[in-house]
Each structure stands twice: as C-alpha cells, then as structure tokens.
Amino acid sequence: MNKLLITVISFGLAAGSLVAAEKVYLDQNAPLDQRVEDALSRMTLEEKVGILHAQSKFCSPGVKRLGIPELWTTDGPHGIRPEVLWDEWDQAGWTSDSCVAFPALTCLAASWDPSLALDYGKAIGEEALYRGKDILLGPGVNIYRTPLNGRNFEYMGEDPFLASKMCVPYIKGVQQNGVATCVKHFALNNHERNRHTTNVRVDDRALYEIYLPAFKAAVTEGDSWSIMGAYNLYDNQHLCHNKRFLCDILKGEWGYKGAVVSDWGGTHDTDEAIANGLDLEFGSWTNGLSNGASNAYDNYYLALPYLQRLREGKADTATLDDKVRRVLRLIFLTAMREGKGFGSQCSDEHYAAAREIGNGGIVLLKNDRRVLPIPAGKPLRILVVGENAVKMQTVGGGSSSLKVQREVSPLDGIREAFPMAQVEYARGYVGDVTGEYNGVVTGQDLKDDRSPAQLIAEAVEKAKTADYVVFVGGLNKSEGQDCEDSDRSGLELPYGQDAVIEALAAANPNLAVVNISGNAVAMPWVKSVPAIVQGWFLGSETGHSLGDVLSGKVNPSGKLPFTFPVRLSDVPAHALGDYLGKKRADEEIYDADYSEGILVGYRWYDTRKVKTLFPFGHGLSYTTFEYGKPTASASKMTADGEIEITVPVTNRGSVAGKEIVQLYITDVKSSLPRPVKELKGFRKVEIQPGETVNVTFTITPEELKYFDDSKHAWVAEPGKFKAHIAASAEDIKATLPFELSGK
Ligand code: BGC
C-alpha cells in the first residue's frame, strides 16, 4: 500500500516538474496549490521578499519577471475609496473614481438580514472589481464595547452571533467577484484613542466567546482570503505580529490558509513580523491616516531587513516560503483570476442595493401616538430641522471616507417622498461645516454665523405652524463624532442639539427625531419626543431611504445591533473604569483591562439588571406582530441531537411588515458563570396583514456551549436550559425549558 502511494507521488512529482516547465502557475485549470508551488519554485529570494510588502500606499508588487501582477488594495468597507497618490495620502485627482456609498456596516447589522449582506458584498465587490482592486479592506467585525469608539459605525454591533451571521454573506458576496475581503482589525481593536499604544488584557473566556467568533466565522465559514491585524497590542505584542493571535489561534487552531495583512503602519519589528505570522506589510511609518513616508518601501520591516537576515542565515526559508505561498494564493484568487468579469461602478443595481440595505436597517426606536409614518398624499406642512438634514456624511470618518457620485440628503429625500407637502427647512444648530477629508471636498457651504438662540428661535417659530417636524441630527463623522483615530468625548449629542430638540418638542407635538450615527447617543428628551428613528450613516441613498421610511412607503424593520444605555456609566467598560486603561508610568503604553469579561452589551445589562434606554434587538414597525405559543419537537436533547422550536407570528396590523424573531438561550445552571441569556438564532420574516408565519429554530448542543478556559475547549454541559423567543433582548414573548442529557 505504502509502496503504491510512494510510486504515485513520485510519478506526480515527475509529472509536476514536466508541467512546471510549462508554467503551471499560469494555468487557470491547475489546482491552486500546484500553481502556488510552481510559482514559488521559480522565484528568487529577492522576488520572494519582494511580494511581502507594499510598493505604494495601497499596492504590493507582483513578480514582473514572471508576469505575476501587483495586488491592489482599497478601503473599504462601505464603498471604494478614491485614488490617492502613489505614496502619499493626497488625492490623485482622478475624475473617474466616484463611487456608490453603501450604508455603514452598523446599518447592515441592524437589518439582521443575511441576504442583504450578500447583496451588499456582491455590489461593493463589483465596484472594487471595476476599479481594478484585488483586496477590499473590510468588513470590520470588532465588537462594540463602548459607545465612544469612533469606529463602531464600521463594525457590526455588540453581539458575536449577529456579527458572525452578517459578515459571512458579505464576504461571500465580495469574493464571488474575484476580489478578496480583508476582515479587520484582528483583534481587540475596540476603541480608537491610543490605538497604537493600547495593550488589551482580556480573559480567554471573553476572548473566545465575545471577541473572536466573528473573525473565526469570517475565515472559516466566509473563507476571507485575507485578514488585517490590528494596531493595538495584546500580551505586550502588536497584533500585526502577535504570536498568540496569528500563529496559535488564526493559523493554528483555525487552520487559516489566507494572508495576514498589516494595518497601515501596524508593523513595528522585523523579527516579530517574520516569526509571528505577518505575511504582507503595508503603510509602515504612517499612522494610517496622515504623514506618509515616500519611497521607504525597501526599508519596510519585511523588505531589506528581512532579506538581510535570510542572506545571513538568520531567518529560515520555510517561514519565508509559507508567507510567499499565502500571498501567491491571494494573487491567484484575485489579480490573476481569469474570467472574473469587469464589475461596474455606480450602476442602478448598486444604488438599488444601497437603498434596500438602508431601508432594511433603519430602526424605529419609538413611535407614540403613531406619529409616523407621515401621510405622503396630503398637502401638509413639514418642517425639517438640523444640520444633518443637509450635510453630506460620506466624506468623513477616516479611511472609510468616500468620494461619491451622489449623496441624496435627508432634506432632498423628504422633499421627494412628500411631493404634495410644503417642506421647509431650519438649520437648528451649527455643527461641523468643514466638509473635507484628505482632499475630497463636499463643496457644500454650511457656514452660518447665527447664535444658537437665534437658530432655535427660527426653528421653533416655524415648528409652531407645521403639521410635522422632523429633526435630523446626531453625529457627523468629523473628529470625535464617529471618526477613525478619535473617540467621542461623551455619550451626549454635540453642538447643543438637545436644547433644539427640547424646544421643538415643546413647540409641536408631531415631532420625529432622526438620529444619524453609528453609535448610541444619550437622549435626555426621550420622554418628550413621540417618534425616534435611528438613521445610521446611510451613504449615497440616505435621503431616499429616510424618505421611504418616514412616508411609510417602506415599513421599518431594522433592530438595534447594540444597546442604547441610559448613561455612559451604565456601560460595562465605563462602569468598571476600564475603557481606556491606565498609562504605564515608564512608557507610552495603556493597559486596558477588559474586566467586564464576557458581560459585554446586553449580557451585562441583563445580568446586572441595569436599565437600558433601548435594548439590543429592539425595533418597532408600522404594524403589530403577535407572537403565538411556541412548540418544541422535544424537551430533551442528546449530545448529538437537536430540538426544533416553532413559533407562529401574526401580522395584526393593516400593512405588510418584516419582523425579526430572536432566539436567546439561558443555561440554568453551569459550572462557570454565564450571562443571563445569549442570542443563538434569529429570522427576519415578511408577513402580510392578517397572515401568520411559522418561524422555526433548530437548537443543537453547539448553541449551548461556553468556552471553558481551564480546558481550552468549548463545552456543552448537560443540564437544564431555557429557550426564549423574543422580539428584543428585553421583550421575551415565550420561554421553553429543555434539557441536554449526558449522553
Ligand atoms: C485603518 C484601516 C485601513 C487602512 C488603510 C488604517 O488607518 O485602520 O482600517 O484599511 O488605514 O487606509
């Protein structure tokens, strides 16, 4: 038997070397591994090192001699970033690089609709392909730990299960275009302040149960062909060359075959980069946003310094070849993929997808007296107030900044949605009037020198005679207001918006507040405002999506992917004083202890019985859903068994709507402490008026597991459990007890 095997292998090798002369690496039909081995065998040491680092801000060289092309990366994750100069951040000044901006990933997560995530990925992948990009720098799946994190809008909320289910189809959608995703930022990059100098200290339970699952899903289920290391540190080692994360967990436990890309400027040490799993180095000597360092590429950690070590025998070729294989694989899957098509930019389909995603993700937080929707077919007087009703939002935010072909403002969208109405506008407050990022300018002149009192007086005066008032405010992606490299300074709305909202609420009972943000904000006026809409950052189709929802053309169906706390001190990281960590006395390192452990988001509010403003999973509709009595296929489950739970949900209203039915599980008694409950399933279903839809969940032991850090293993402990059918983390409709037996 062994002999036969040996014969076959050696024949294969002989055949391989014969074919090798025929350039197997160029043969699209040859197995990927063979192509990689063939290319590898032809490369010189210099060429091998050459493909492991950038040659410009966003691309790495291929191997010219072998006809292996460059790899072009782009941000990500909401649209294709405008072109910058070869090795500076300044705009290249193209006139053909305007894109469609898709809604921010928080909005996608709020749709709880994996099919929209697939549409999103497909559309943005096509835009990337059209622009000749091979790697899209996204999606972002860092867990929402604090509402101050300036980049939460680029991520998918506080729950690992939801983020996992939503990132996988996004990845598949992008990669079906022959464009790689680069899931980021691996890992523990949960706030922006001191992002290069924060050393996270977190226990293994929290790591495995909260912070890793979405990354794991992205690479094992989504098969993301690349992954980006984070700027911060873990165990005093930068995450871009962190042994535990990249070697032990990613490439070890998860068997990852893809390439690890550094964040821009996230590499700090050649020996660590060589030994600890970094494959492709970008952006060294920049902070990722400003100050470029021209022509420094030979000096990159994985460039000449690496070559030097190899030549001197101080670095081994096996490690080098492993990195080269991964990068070659990435090139073959993307840049050298034949027949991948041409993609398209700014197509009608892409705008339609952007609008659909926005429509699916907008969350109706509150709707007393059914103030919304505003009837579209009446000659009403509608007053729109607020800077965010007119301000373009796609330009800001940091590396996710976009140059869009068009961005429909909320005001224009509302005007379009209410053709019979007289729509007036009042500024209400002045926030950030700059409208410029990295040379991309909105061209808007938002300057207004009036005092806050004057602005409020004007808005109130107009509000008194209006039938409806829609306030559009929130954050705006300028520094400190949902923006990379900075965090917010507090939970409050900036620019005195609370006073404007209070004044409007006193002047007109039909007030709807639309909050534009990727984060929770404080709402001290929550009781006096009848209707509140969470409007996210919706990209190119912002106004259309908001118009659709405010007019009732679309029935809102999003639910919150993170909790809105009442106050900042209720948030676990802040309650425990561990948000930024403590600066070390002798060096510029901040040790951030994630001492809340697994109690992140609703897991904390539930377990510690802390009141929330709006809970995780909350979102209203213009119709009413009635949950019937759920039934279970069994009340006992064996270790290899499953239980099916079915719940009938009826639309009792007069318009069609979509409900997101959630399944949470409680472990009644366990050896290790567990949160009160955890999300383990969800379904978004469309239900016609009067119709009943049966929603079914399958529970297996997989959904019952916790991570036992002493055994370093996932454990489903026999015993009693509860399955909750819920409309939000705080709206449990029914609870079914069941048991996992020992066998
Ligand atoms: C960001 C990344 C981004 C990269 C390239 C970095 O500053 O953290 O998310 O992809 O820059 O622009």
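For segment 350-367, the set of residues classified as within 20 Å of residue 521 (Cα to Cα), of a type outside the set (A, V, I, L, M) and outside any strand (DSSP E or B) consists of 358, 361, listed by residue number. A residue that is buried (at least 24 other Cβ atoms within 10 Å of the Cβ) and among the charged types (D, E, K, R) cannot be found anywhere in segment 525-536.
When 482, 487 are checked against the criterion of being open to solvent by less than 10 Å² (accessible area, probe 1.4 Å), within 16 Å of the ligand (Cβ to nearest atom) and part of a loop (DSSP other than H, G, I, E, B), 482 stands alone in meeting it. Right, residue 170: crowded, with 24+ Cβ neighbours inside 10 Å and either within 16 Å of the ligand (Cβ to nearest atom) or more than 30 Å from residue 614 (Cα to Cα) (or both) or not? Yes. Can you find even one residue in segment 596-619 that is assigned to a strand (DSSP E or B) and open to solvent by 60 Å² or more (accessible area, probe 1.4 Å)? Scanning segment 596-619, I find no residue that is assigned to a strand (DSSP E or B) and open to solvent by 60 Å² or more (accessible area, probe 1.4 Å), so the answer is no. Among what's in segment 326-349 and is open to solvent by 80 Å² or more (accessible area, probe 1.4 Å) and at pLDDT 95 or above, pick the residue that is farthest from residue 181 (Cα to Cα). Applying the filter and picking the extreme gives 348. For the residues 118, 85, the requirement of being touching a Pro at 6+ places or on another chain (Cβ under 8 Å) and surrounded by fewer than 24 Cβ atoms within 10 Å (Cβ to Cβ) singles out 118. For segment 641-686, residues that are surrounded by fewer than 16 Cβ atoms within 10 Å (Cβ to Cβ), closer than 14 Å to residue 735 by Cβ and touching a Ser or Thr at 6+ places or on another chain (Cβ under 8 Å) total 0. Within segment 610-640, how many residues are free of Cβ contacts under 8 Å to residues at least 60 places away in the same chain and in contact with a helix residue (DSSP H, G or I) (Cβ under 8 Å, 6 or more places away or on another chain)? Result for segment 610-640: 2. Within segment 555-592, the set of residues being open to solvent by 50 Å² or more (accessible area, probe 1.4 Å) and among the charged types (D, E, K, R) comprises 567, 582, 583, 584, 586, 587, 588. Applying the set (1) within 16 Å of the ligand (Cβ to nearest atom); (2) of a type in the set (Ser, Thr, Tyr); (3) open to solvent by 10 Å² or more (accessible area, probe 1.4 Å) to residue 301 leaves exactly one unmet item: (1). With respect to the conditions (1) outside any loop (DSSP other than H, G, I, E, B); (2) closer than 27 Å to residue 401 by Cβ, residue 289 falls short on a single one, namely (1). Here is the figure for segment 380-397: residues that are in a loop (DSSP other than H, G, I, E, B) and more than 23 Å from residue 346 (Cβ to Cβ) total 2.
Being away from the ligand (no atom under 16 Å from the Cβ), modelled with pLDDT of 95 or more, surrounded by fewer than 24 Cβ atoms within 10 Å (Cβ to Cβ) and under 19 Å from residue 518 (Cβ atoms) is not true of residue 451. Considering only residues in segment 156-167 that are in a loop (DSSP other than H, G, I, E, B) and within 11 Å of the chain's Cα centre (by Cα), the one that is surrounded by the most Cβ atoms within 10 Å (Cβ to Cβ) turns out to be 156. If only residues of segment 270-298 that are under 16 Å from residue 61 (Cα atoms) and among the acidic types (Asp, Glu) are counted, the one that is farthest from the ligand (Cβ to nearest atom) is 298. If the condition is being within 11 Å of the ligand (Cβ to nearest atom) and in a loop (DSSP other than H, G, I, E, B), then segment 177-189 contributes only 189.
Quick check on segment 383-430: of everything there that is among the hydrophobic types (A, V, I, L, M, F, W, C) and in contact with a Cys (Cβ under 9 Å, 6 or more places away or on another chain), which residue is most open to solvent (accessible area, probe 1.4 Å)? Residue satisfying both the conditions and the ranking: 404.
For segment 541-576, give me the residue count where each residue is out of contact with any Lys or Arg (no Cβ under 6 Å at 6 or more places or on another chain), part of a helix (DSSP H, G or I) and among the polar types (S, T, N, Q). Residues flagged as out of contact with any Lys or Arg (no Cβ under 6 Å at 6 or more places or on another chain), part of a helix (DSSP H, G or I) and among the polar types (S, T, N, Q) within segment 541-576 amount to 3.
The values are calculated or read from the model by the stated rules, or taken from the named source; none is laboratory data. All of these numbers come straight from a predicted model, not from anything done at the bench. FYI the Cβ positions are ideal-geometry reconstructions off the backbone, even for glycines, and counts take in every protein chain you see. Quick note on the areas: whole protein, heavy atoms, side chains included, nothing else; ligands and nucleic acids left out. Shrake-Rupley method; radii C 1.70, N 1.55, O 1.52, S 1.80 Å.
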